[in-house]
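Visitor: For reference, the structure I am asking about is given below.
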Amino acid sequence: MLEVSNLFVSYGAIAALRGISLRVEKGAIVTLIGGNGAGKTTTLRTVSGLHRPLGGTVRFLGEDITHVPVHKIVARGLGHVPEGRMIFSNLTVDENLAMGAYLLKDKAAIARNRDYVFGIFPRLKERLRQTAGTLSGGEQQMLAIGRALMGDPKFLMLDEPSLGIAPRLISTIFEKIIEINRDRGIAILLVEQNANLALEISSYAYVMETGHVTVEGRSEELRDNPQLKAAYLGG
Amino acid sequence: MTEFLQQLLNGLSLGAIYALIALGYTMVYGVLRFINFAHSDVFMVGAFIGYFAGQRLPHDSVLSGFATLAAAMAGCAVLGILIERVVYRPLRGGPTLNVLITAIGMSLFLEYTGQLVFGATPRPFPSIIPARIISIHGLVISMNQVIVIVVAALLMVALELAVYRTKIGTAMRAVALNPKAAQLVGINIDVVISFTFGLGSALAGAGGVLYALNYPSIDPLMGVVPGLKAFVAAVLGGVGNIPGAALGALILGMTETFIDGSRWSTYKDAIAFAVLIGILLFRPAGLLGRYATEKV
Ligand SMILES: Nc1ncnc2c1ncn2[C@@H]1O[C@H](COP(=O)(O)OP(=O)(O)O)[C@@H](O)[C@H]1O
Ligand SMILES: [Mg+2]
């Protein structure tokens, strides 16, 4: 599905990624964890084309997309729920979802996707006419995920979906992520600070530190890794 | 009372023309965060396209009037799209100051190319519309004025529908709000930016023809003053805000007309701008503008 090899990215003089490699297999949930500033967001943004790497390659569905424009990468089936949600706050919920299906021509497919989104996030259906900026943090996150699902992605990247959300909603969001993966067979790359949760729902994990992948392995094994426990899993 | 209505009508038609220009400034600012200074010269080109089309069409006919308007709008849309594609796009992603300076250069280029090609002497604009005066209880309404107001109103309704009811219009609002998020849903921002330039320039082209109907003498520098006023109107309404630009333009047109009709007429521009400064002191983001929240 996704194969990232040896990515180097910098912001001016600041090197953010120093040789990142990772893979996501078809149908898998893979997580990328690490502290603030490790380079997780930069990794996702480089995969979706928002940043261009100085070196390295990104392959998606077997093809090199390192230099493909963002909208064309999205057209190939990549969904990206960005950090901070980035919903269109002065558009209505309805318009946000419509924009999510921007590339779809088939009305029936759009209607099916809407039904699917309302099925997993019924709250969005109740708030269709509301301006998106007036939603609560949790609802905005639902909208951001719903918007990405409207485009029929084959692969979905989620950047800290639990950030700034009421604790009781976090477990809901994570259940939905599992559901999306299971029902639609969408492969998922999940970036999280909440390492416990992330390791619980994923099958494979990468741990990043200052632009490097320091540890990687099957999630159930990493849960018992003493080093990680000290650093990210709260002892 | 009659005089008041008369001035109201004059102010409305002047404001309507400012609005047509101001909308282009504000829409481009909305998606690209820069002031397209060449916009006022696209307005001038619109008047010249109208001039040449009007010469070739039968005079005094409503149909030729619309054909002239359509020609100016289409011509200006193409010009606006070309300017963005050829001049501004290569600079995108660089410092805003570079694009601003380039826009000023583009403006001067159009003005002086205009003087080279059309000459600097003002030309009389052909009377494409039947010149009729309607007089009701001393209120003098010229056909031109009615047409200016009606056409401008219709165009603004059309713009409203294009921006708020179509997919590309919604995409334009999405890009204005957050270009990165817009790309992540698959929007090609180049297409949206071209659309924005085309739409804004078409309105300026219409404004050029309507302006020339009311002030039937055109020259390559004719865009400078109305362009400046329209820019001010856009700032007054809250730059980037579409209804704000229309509102700002109406206020400016009215203020200017009413002062012009008073004994302060010599100072009309000074007073109009003082009003502007006054409003901006109390509402720095403009009448309908809000400070955009910082984007990541
Ligand atoms: N827009 C930016 N400009 C400059 N430096 C940035 C920018 N975004 C991120 N960085 C830097 O790049 C590094 C990685 O950041 P980021 O990818 O956001 O990490 P994470 O998502 O893991 O918290 C950090 O050192 C951060 O300060
Ligand atoms: Mg981050």
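Just so it is clear, none of the values below were taken in a lab; they were calculated from the coordinates. Here the structure is a predicted model, which means the values were calculated and not measured. Note that we place each Cβ from the backbone using ideal geometry, even for glycine, and neighbour counts take in every protein chain shown.
Visitor: For a quick check: sort B:Met156, B:Met222, B:Met1 by the number of other beta carbons within 10 angstrom, fewest at the front.
Guide: By the 10 Å Cβ count, ascending: B:Met1, B:Met156, B:Met222.
Visitor: Hey, which lysines would be in cross-link range of A:Lys72, C-alpha to C-alpha under 17 Å, not counting anything within fewer than 8 residues on its own chain?
Guide: A:Lys105, A:Lys154, B:Lys180
Visitor: Shifting gears a bit: At a Cα cut-off below 14 Å, give the aspartates and glutamates reachable from A:Lys26, other chains included and same-chain residues fewer than 8 away excluded.
Guide: Counting by Cα, and skipping residues close in sequence, A:Lys26 has these aspartates and glutamates nearby: A:Glu3, A:Asp183.
Visitor: Taking amide H positions as placed in the peptide plane 1.01 Å from N, state which residues far from A:Met157 in sequence (5 or more) or on other chains have amide H under 5 Å from it.
Guide: It is A:Gly79, A:His80, A:Val81, A:Leu189, by chain and number.
Visitor: Running a GNM on chain B with Cα contacts under 10 Å, which residue among B:Arg123, B:Arg165, B:Arg33 ends up with the highest mean-square fluctuation?
Guide: B:Arg165
Visitor: Quantify how strongly other chains surround peptide B:159-168 by giving the mean number of their Cβ atoms within 10 Å of each of its Cβ atoms.
Guide: So the per-residue partner count for this stretch is 1.
Visitor: Based only on other Cβ atoms within 10 Å, what is the fewest-to-most ordering of B:Ile17, A:Ile178? Show your work: numbers first, answer last.
Guide: Details: B:Ile17 29, A:Ile178 14.
Result, fewest neighbours first: A:Ile178, B:Ile17.
Visitor: If you average the sequence gap of Cα pairs under 8 Å that are 6 or more apart and divide by the length of region B:2-223, what percent do you get for the contact order?
Guide: On the way: 325 pairs, mean separation 93.8, N = 222.
Worked out over region B:2-223, it gives 42 percent.
Visitor: Also, quick follow-up: Of B:Ile149, B:Ile49, B:Ile259, which is the most mobile in a GNM of chain B whose springs link Cα atoms less than 10 angstrom apart?
Guide: Looking only at B:Ile149, B:Ile49, B:Ile259, the largest GNM fluctuation is found for B:Ile259.
Visitor: Using r as the Cβ-Cβ distance of A:Lys72 and B:Leu8, and R0 as 56 Å, what FRET efficiency do you calculate, to the nearest 0.05?
Guide: The computed FRET efficiency comes out at 0.60.
Visitor: Rank B:Ser201, B:Ser127, B:Ser265 by mean-square fluctuation in a GNM of chain B with C-alpha springs under 10 angstrom and give only the top-ranked residue.
Guide: B:Ser265
Visitor: Let me ask you something else. With r defined as the distance between the Cβ atoms of B:Leu154 and A:Glu216 and R0 fixed at 60 Å, what FRET efficiency is calculated, to the nearest 0.05?
Guide: Efficiency, from the Cβ-Cβ distance: 0.45.
Visitor: Continuing with the same structure: Could you give the dipole magnitude of region B:2-223 about its Cα centre, charging the beta-carbon of Lys and Arg +1 and that of Asp and Glu -1, in debye to the nearest 20?
Guide: On the way: 11 positive and 8 negative charges, 121 e Å.
With only Lys, Arg, Asp and Glu charged at Cβ, the dipole is about 580 debye.
Visitor: Let me know the shape class of region A:37-96, please: from the alpha-carbon gyration tensor, a ≥ b ≥ c as square roots of the eigenvalues, rounded when a/c is under 1.5, otherwise prolate if a/b is greater than b/c, or oblate.
Guide: Oblate is the answer for region A:37-96, as a/c is 1.5 or above yet b/c matches or exceeds a/b.
Visitor: Now, a different point. As a check on your grasp of the helix formula, calculate [θ] at 222 nm for chain B: sum -39500 (n - 2.57) over DSSP H runs of n ≥ 4, divide by the residue count, round to the nearest 500.
Guide: -24000 deg cm²/dmol
Visitor: Where the only charges are on Cβ atoms (+1 Lys, Arg; -1 Asp, Glu), what is the dipole of region B:137-296 about its Cα centre, to the nearest 20 debye?
Guide: 440
Visitor: Set Lys and Arg Cβ to +1 and Asp and Glu Cβ to -1, take the dipole of region B:2-223 about its Cα centre, and tell me which of B:Val78, B:Ala181, B:Ser127 lies farthest positive.
Guide: B:Ala181
Visitor: Please compute the modelled spin-label separation between A:Leu54 and B:Tyr215, points set 7 Å along Cα→Cβ, answer in nm with one decimal.
Guide: 5.5
Visitor: How do B:His39, B:His59 line up, fewest other C-beta atoms within 10 Å first? Present the calculation step by step, with values, prior to reporting the outcome.
Guide: Numbers: B:His39 31, B:His59 14.
With the fewest neighbours first, B:His39, B:His59 line up as B:His59, B:His39.
Visitor: Can you list the HN-Hα couplings for region B:41-46, worked out from phi with the Karplus curve (6.51, -1.76, 1.60; θ = phi - 60°), rounded to whole Hz and with x for Gly and Pro?
Guide: 7, 5, 4, 4, 4, x
Visitor: Name the lysines eligible as straight-distance cross-link partners of B:Lys268: C-alpha to C-alpha under 19 Å, and not fewer than 8 places from it in the same chain.
Guide: B:Lys229
Visitor: Output the antiparallel fraction of DSSP beta bridges having both residues in the protein assembly as shown, as a percent to the nearest 5. Walk me through the numbers on the way to the answer.
Guide: Numbers: 28 of 47 bridges.
Bridges in the protein assembly as shown are about 60 percent antiparallel.
Visitor: Tell me what chain A gives for mean residue ellipticity at 222 nm when only DSSP H runs of n ≥ 4 count, each as -39,500 (n - 2.57), the sum divided by the residue total, rounded to 500 deg cm²/dmol.
Guide: Dividing the helical sum by the residues of chain A leaves -10500 deg cm²/dmol.
Visitor: Give, rounded to the nearest 20 debye, the magnitude of the charge dipole that the protein assembly as shown has about its Cα centre when Lys and Arg contribute +1 at Cβ and Asp and Glu contribute -1 at Cβ.
Guide: Here the size comes out at about 360 debye.
Visitor: Between rounded, prolate and oblate, where does region A:54-196 land on the alpha carbon gyration tensor, with a ≥ b ≥ c its root eigenvalues, rounded for a/c under 1.5, else prolate if a/b exceeds b/c? Don't jump to the answer; show the numbers that get you there.
Guide: Details: a/c = 1.61, a/b = 1.23, b/c = 1.31.
Note, shape of region A:54-196 comes out oblate.
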